[in-house]
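The structure appears right after this line, and notes come after that.
The values are calculated or read from the model by the stated rules, or taken from the named source; none is laboratory data. Nothing here was measured: the structure is a model prediction, and the numbers come from that model. Cβ atoms come from the backbone with ideal geometry, glycine included; neighbour counts cover every protein chain shown. Surface accessibility is based on the protein's heavy atoms, side chains included, excluding ligands, DNA and RNA. Shrake-Rupley method; radii C 1.70, N 1.55, O 1.52, S 1.80 Å.
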Amino acid sequence: MRNMADDELDAFRNRWKQELTSQKDEQRLICAPPFCDASGQSSQGDLKNSYFEDSKNLIKACSPSKPEEEDCTKVKGCVGKGEGEDAAGSEDQPEYVSIARSLLDGRTSPLLGRIQEERNKRKRQYHNMTDVCRSSLQQQQQQQQLQPQRKVKKDEELVDQLIQDLNELNDIPFFDIELPYELALKIFQYLNCTELGRCAQVSRAWRVLAEDSVLWFNMCRREGYHQEASVSDSPCWKSTLRDCRNSAKTVCCNWKNRVGSISQLQFELGKVLCDVSACDNFVLAGYTSGDVRLWDTLHWDSTASYLKTNSLSAHSEPRPHVSHVQVNSTVAAAAYEDGCVDLWSTETGGEPIHHYQTPGRIQALALSPDSPVLCSAAGCDVRLERADDRGYWRTLCQTRLPKTVESLVLVPGRGQQTPLAALAAGDAVYLLDPREEEPRTVHSVYGHPVTCLDTSDCHVALGVKRSGWAMHDGGNKIHVYSLETGKSVVCVGNSLGDFSCINLRDSPPHLLACGNKDRRVRVFDLRAGSSVASLYAHHLGVTSVQADDWKIVSGGGEGLVCVWEMRMGAKLWEMHNRHPVRHVRFNTSTLVTANVPDDKSPRGACITDDDLTAHRRHRGVICHYDFSEDALSQDHVLPICRSDYTESHGYNYNIGLTVPYDRLSGSHPSH
């Protein structure tokens, strides 16, 4: 096989040499001057005879189509001779050379050869009918002298073009040698994952840049993963980001298919649940016994779960009920019916780290989600507390409003800035800034009370109840104001029912989720001022709602918790308990719901029974759902949840069931 390949290569080289040799001989014949006398003149008959004899010889040796070699009797024929010789030369050249020349000159159409052949035929007929002239012979000689130079120039252009194409294959990117590594990294930071992957395939130098750990670390943080981490915490942030994305995709699938684990958080038997708050992995609950319980769902055996009451409330008989609780990542707060307020550390628990007493009952309590700032309202009196750098709590300001405060919210995202609180009192909404002497009025319409309130880092949203003649202008509305300017941004909604809850802080950008007593959950686009989704959810009105970029979780007065897919507007699944849903809070992989009874002092089994130990159906319930990947392991699922689907009656408690008739799977049998 090797000898055969060598023979074919030698044959190809010999044929190539013969073609090049014959090409040079033809060019020599074509460039020879015509027969002339000494004075440069010739007769018309001698010229024709000699020209036809030469052309016959050339036809035998060369191609049959040479229009400008047969007759040079007119100026047009002599001027076009160079083009004719190029055509003849290209026909005798090897095929790959002619293809390269045609590509270089732009002659790529398959019809150009036939068009040129027909044009040469017509020129040949025309030249046979004309007379030769002296000037045409001189121009012909000049053209023949310039022709070899032109061919050499074209050959040089072809070689230069081929060399340039080869150089482009091995060319080094400009900033690999001209820009410093830091500047090149600065350019790459504007690329996404797909673009970085493509750049990594360009060259070895680009691959080093595209796989830099700093780039992937920043990209991981931009997508919301490992916000508190540093660059040195992972050896390969590219792999870490890939794992986080795969995990998020799995968790999203578990949310939609109701796959995970469920647990009920119970503290003390016989006591009725009063209020619940959740933040991150902490859940705080207050009971009618005056006890406050903190759960750390990330570390279930945490010693900080046991919170002690202040001495004043602990020694009073009977102990006052807990009216409000609030928790964030560092502090837990509780307000009692007697006006006392206690604060604990979520890290240590135990004794309260701060305590103060108000003259009246606490009507509203708010804790900043990202800073140690607490605001409480007792009647018309408002008090704002904050911890300094050393951990000591100080009173920033105290003020009194014209009407009783019904709800208040602290503006998130303030950090080390001065805290800002939004308060709803009657038919007005105020902004409390400690740097100002008096609260600033944002909204006030006489006779139209505010029904719900929520804030984001730059806006405040409030639901307004219309009554009397105002119902004819579209019904109840939601007003959104700018915190910076205090002016109205947009007004949405025209419902006949009262808006009962608003979620602006957790909603996606430019969106607002809200619930109404008309049994609908609505999502509004604040940019267009229009409704994005309207979901018929609950029979007794919507009591709580929260939304993110793809789902909505709502709770109703009948005790139903619904999970919706926002884009499709379809219900994914639902869970039911006896009492109204007063709290809904979820993050990426967990969901906390609280069903709080309206009656805090239920009677016993007998009408004359004064036993304060309430039956379980009166206590309320806190449910914790975990949709993370590790929750799917058998060790994490409770034994009662491990169903083999063979039971003939009763519930199997498996919230992963997809049987159509088992809509209430996962709920308690007593409910």
Lone unmet requirement of (1) under 25 Å from D626 (Cα atoms); (2) out of contact with any strand residue (DSSP E or B) (no Cβ under 9 Å at 6 or more places or on another chain); (3) buried (at least 19 other Cβ atoms within 10 Å of the Cβ) for K249:
(3)
Of all residues in the range 336-357, which are part of a strand (DSSP E or B) and either under 40 Å from the mean Cα position of the chain (by Cα) or hydroxyl-bearing (S, T, Y) (or both)?
Y336, L343, W344, S345, Y356
Any residue at all in the range 571-593 that is modelled with pLDDT under 65 and open to solvent by 80 Å² or more (accessible area, probe 1.4 Å)?
no
Selection status of E317, in contact (Cβ under 8 Å) with a residue 12 or more places away in the chain, in a loop (DSSP other than H, G, I, E, B), open to solvent by 10 Å² or more (accessible area, probe 1.4 Å) and acidic (D, E):
no
Selection within the range 259-303 - out of contact with any His (no Cβ under 9 Å at 6 or more places or on another chain) and aliphatic (A, V, I, L, M)
V259, L269, L284, A285, V292, L294, L298
So S376, is it in a loop (DSSP other than H, G, I, E, B) and not aromatic (F, W, Y)
no
Anything in the range 373-412 that is within 18 Å of D427 (Cα to Cα) and open to solvent by 40 Å² or more (accessible area, probe 1.4 Å)? List them, or say none.
D381, R400, P402, K403, T404, E406
Among the residues of the range 538-550, are any in contact with a strand residue (DSSP E or B) (Cβ under 8 Å, 6 or more places away or on another chain), surrounded by 23 or more Cβ atoms within 10 Å (Cβ to Cβ) and not in a strand (DSSP E or B)?
yes
Is one or more of the residues making up the range 547-564 in contact with a Leu (Cβ under 6 Å, 6 or more places away or on another chain) and in contact (Cβ under 8 Å) with a residue 60 or more places away in the chain?
yes
Of all residues in the range 486-497, count the ones that are out of contact with any Phe, Trp or Tyr (no Cβ under 9 Å at 6 or more places or on another chain), surrounded by fewer than 19 Cβ atoms within 10 Å (Cβ to Cβ) and either part of a loop (DSSP other than H, G, I, E, B) or among the small types (G, A, S) (or both).
3
In the range 230-244, what residues are open to solvent by less than 60 Å² (accessible area, probe 1.4 Å) and under 21 Å from the mean Cα position of the chain (by Cα)?
W237, S239, T240, L241, C244
What is the residue count in the range 594-614 for residues that are modelled with pLDDT of 75 or more, open to solvent by 50 Å² or more (accessible area, probe 1.4 Å) and either of a type in the set (A, V, I, L, M) or over 18 Å from G515 (Cβ atoms) (or both)?
3
Unmet requirement for D457, which otherwise passes all of (1) closer than 15 Å to V409 by Cα; (2) of a type outside the set (A, V, I, L, M, F, W, C); (3) in a strand (DSSP E or B)
(3)
For the range 293-304, which positions are surrounded by fewer than 18 Cβ atoms within 10 Å (Cβ to Cβ) and within 19 Å of L273 (Cβ to Cβ)?
T297
Yes/no for A470 being out of contact with any Ser or Thr (no Cβ under 7 Å at 6 or more places or on another chain) and modelled with pLDDT of 95 or more:
no
List pairs: first in the range 509-521 and at positive phi, second surrounded by fewer than 19 Cβ atoms within 10 Å (Cβ to Cβ) and not aliphatic (A, V, I, L, M), Cβ under 7 Å, 6+ apart or cross-chain?
H510/D525; H510/R527; R519/Y536; R519/H539
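Kindly establish whether L367 is under 36 Å from the mean Cα position of the chain (by Cα), crowded, with 16+ Cβ neighbours inside 10 Å and within 19 Å of C452 (Cβ to Cβ).
On the way: under 36 Å from the mean Cα position of the chain (by Cα): yes; crowded, with 16+ Cβ neighbours inside 10 Å: yes; within 19 Å of C452 (Cβ to Cβ): yes.
So L367 fits the description; yes.
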When you check L265 against the structure, is it under 28 Å from Q363 (Cβ atoms), at pLDDT below 90 and surrounded by 14 or more Cβ atoms within 10 Å (Cβ to Cβ), yes or no?
yes
Say whether the condition of being in a strand (DSSP E or B) and of a type outside the set (A, V, I, L, M) is met by at least one residue in the range 247-263.
yes
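Of all helices (runs of 4 or more DSSP H) completely enclosed by the range 187-228, which ones contain at least 1 residues that are among the aliphatic types (A, V, I, L, M) and open to solvent by 60 Å² or more (accessible area, probe 1.4 Å)?
Because the criterion is at least 1 residues that are among the aliphatic types (A, V, I, L, M) and open to solvent by 60 Å² or more (accessible area, probe 1.4 Å), the helices (runs of 4 or more DSSP H) in the range 187-228 that meet it are 204-210, 213-222.
Results for (1) modelled with pLDDT of 90 or more; (2) of a type in the set (S, T, N, Q), shown as yes or no for each residue.
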| position | (1), (2) |
| --- | --- |
| P318 | no, no |
| S329 | yes, yes |
| C340 | yes, no |
| G360 | no, no |
| P372 | yes, no |
| S376 | yes, yes |
| R400 | yes, no |
| K403 | yes, no |
| Q417 | no, yes |
